[in-house]
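Below you'll find the structure, written out as structure tokens, and then a few comments.
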Amino acid sequence: MSLDVLRARLAELADLENMARVLAWDQRTYMPPAGAAARASQMATLERLGHERFTSDEVGAWLDAAAADTDGDAIAADLVAVARRDYDKARRVPAELAAEMAAAAIEGQQAWLSARANADFALLAPHLRRHLDLRRAYVACFPEADEPYDALLDDYEPGMSTAEVRVAFARLREGLTPLVARAAERAGAIDHTPARGPFPVAAQRRVLAGVLRRVGFTEDAWRLDDSAHPFSACSGPDDQRITNRYDERHLDALFSGLHEFGHSLYEHQIDRALVGTTLCRGVSMAIHESQSRLWENRVGLSRAFIGLIFGELRAAFPDPLATTDADGLWRALNAVRPSLIRVEADEVTYGLHIVLRFELEVALLGGDLAVDDLPAAWNDGMRDLLGVVPPDDADGVLQDVHWSSGAFGYFPTYALGSAIAAQLWAAMARDLGDPEALVAAGDFAAIRAWLRERVHRHGRRRTPRETLEHAVGGPLDVDPQLRLLAAKVDALYG
Ligand code: ZN
């Protein structure tokens, strides 16, 4: 009985969440700008309905009763266990605090737009102070956390501790720094011109459509649209929507398209038995990002993949690619160069951009760094880690939207996802043989099937830690990524 009413309530919540995803997708693709106010109200209503219908006392009573009532139904048992964790967490945070955090996020993002446009950090600073005050109140709802940042990290990567991230990132920093230095010493070894285009946008769209069909995009369950920033959204396994943007000066759209494909493939390959439950989505941000990074970096930017599609690329872009070959294009696309902007960073320097953000977030939350000192700390960090200093704050501390909405704890998942992607690649190699050989042969079905079995189909039935353990046979480890990147720097720079 309790299990049935609980299931029905959780199915409603899954629907509300999927409706919000479609509205958010529409907002960023087709909605006319003047629709923003009405859309904000609709989104807030969905959010409030979901929160009220989940955190009510009756749900608590059903959860207690249903725990003893799952009758050997393994999915039901997982559903109840996960809902219990979600419920206990949601009940800890007072509704007024959650509402104020949501309002502060919107106001902060609004302020960030003008702060970045004017390269004026002072416009954002009061919002960051407010976010930090609200986060400290939020952290206080979880007094059992070993350190304050744990509570923020847990929202994006459940079960991960700050201490684990600190260890992983120290190792990453130590491993990446010499690779960046080696590439800088031998920078002349790479001819960058093949990656500089121009690559006409209409031809990029055709090539990307072909590439996505090769890797698993099908017209019946997927869409590809334009947006200012690439993202993926879905309202269930068979409604996958990815978006992209194009610029004729480079081929980034090809790889951001594969990145978003990776996110969507994860949700597409979740076990259909989980549809209509709150288990039917990706388990955490880092596991999600491991999927996108795997298709972007391990597949898309591999020598094997560039070789596979080089004929198509040269037919589409005869001018820029006339005097190069697959190897030359692969080198140009993978060149390692310290730069100011995270989203434009190559795979080797990318991790260092994240290490800096993590260190600054922890210091801000702990009160070791004042908001007013953040721009200077940013610039010092960039100089130490990458040897470059931004000319102004727009290309420095103001470049990302995350902090303006109070999203502290999110950045680490990008680098953790990249590390996990390399762990998965190594595990796949143990099971299937060299995955680059599968890429070279265009056998993406084998890669999809492995990912479905090891990661995707389980949705939220396993914790992020269990998901990783099951997929690769061990805990988080940045060494497989460092080994891959060292080999790549060797191949690129000798
Ligand atoms: Zn992503």
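Evaluate the charge dipole of the chain about its Cα centre and quote only its size in Debye, nearest 20, assuming +1 on the Cβ of each Lys and Arg and -1 on the Cβ of each Asp and Glu.
Using Cβ point charges on Lys, Arg, Asp and Glu, the chain gives about 980 debye.
In this simple spin-label model, placing a label point 7 Å from the Cα along the Cα-to-Cβ direction at both M43 and A61 gives a separation of 3.6 nm. Computed extension gain for R223 through D325, at 0.36 nm per residue and net of the alpha carbon distance, reaches 33.5 nm.
Give the accessible surface of the range 286-331 per residue, rounded to a whole number of Å², with probe radius 1.4 Å and ligands, DNA and RNA excluded.
Dividing the accessible area of the range 286-331 by its residue count gives 31 Å².
Summing Lys and Arg as +1 and Asp and Glu as -1 over all other residues whose Cβ lies under 13 Å from the Cβ of D154 gives a net charge of -4. Building the convex hull from the alpha-carbon atoms of the range 1-156 and averaging its projection over directions returns 11.6 nm². For the range 247-341, a Kirkwood radius taken over Cα pairs fed into Stokes-Einstein (20 °C, viscosity 1.002 mPa s) yields D = 140 µm²/s. For the chain, the fraction of 1.4 Å probe accessible surface lying on carbon and sulfur atoms is 53 percent. The Stokes-Einstein estimate for the chain, based on a Kirkwood radius over Cα pairs and taken at 25 °C with 0.890 mPa s viscosity, is a diffusion coefficient of 103 µm²/s. Computed from the Cα positions only, the extents of the range 23-107 along the three principal axes stand at 51, 28, 17 Å, in decreasing order.
Just the C-alpha atoms of the range 148-221: what Rg/Rh do they give, with Rh taken as the Kirkwood radius?
Result for the range 148-221 is an Rg/Rh of 1.20.
Approximating the spin labels as points 7 Å out from Cα along Cα→Cβ, the M31-to-A189 distance works out to 4.9 nm. With a Förster radius of 51 Å applied to the beta-carbon distance between V5 and Q110, the computed FRET efficiency rounds to 0.80. Other residues whose C-beta falls under 12 angstrom from the C-beta of A441 contribute a net charge of -2, scoring Lys and Arg +1 and Asp and Glu -1. Mind giving me the nanometre distance, one decimal, between the label points for R245 and D73, set 7 Å out from Cα along Cα→Cβ? With each label placed 7 Å out from Cα toward Cβ, I get 4.6 nm. Each other residue within a Cβ distance under 13 Å of G417 adds +1 if Lys or Arg and -1 if Asp or Glu, for a net charge of -2. Percent of Cα-Cα pairs more than 17 Å apart in the range 401-494, please. Every Cα pair in the range 401-494 considered, those over 17 Å come to 60 percent.
With only alpha-carbon pairs counted, each pair once and no self-pairs, how large is the Kirkwood hydrodynamic radius of the range 376-420 in angstroms?
Kirkwood radius, the range 376-420: 11.9 Å.
Going 7 Å from the Cα of V275 along its beta-carbon direction, which residues of the range 14-43 have the amide nitrogen within less than 20 Å of the resulting point? Within reach of a label on V275: 14-23. What is the diffusion coefficient of the range 132-270 in µm²/s, taking the Kirkwood radius over Cα pairs and the Stokes-Einstein relation at 4 °C with a viscosity of 1.567 mPa s? My calculation gives 69 µm²/s for D.
May I ask for the percentage of alpha-carbon pairs in the range 1-69 that lie more than 17 Å from each other?
Tail of P(r) above 17 Å: 50 percent of Cα pairs.
Taking the range 55-83 and a reference point 7 angstrom along Cα→Cβ of C141, the backbone N atoms nearer than 18 Å belong to 55-60, 83.
The values are calculated or read from the model by the stated rules, or taken from the named source; none is laboratory data. In this text the structure is predicted, and so the values were computed from the model without any measurement. Reconstructed Cβ throughout: ideal geometry from the backbone, glycine too, with neighbour counts over all protein chains shown. We work out accessible area using only protein heavy atoms, side chains counted, and drop any ligands, DNA or RNA first. Shrake-Rupley method; radii C 1.70, N 1.55, O 1.52, S 1.80 Å.
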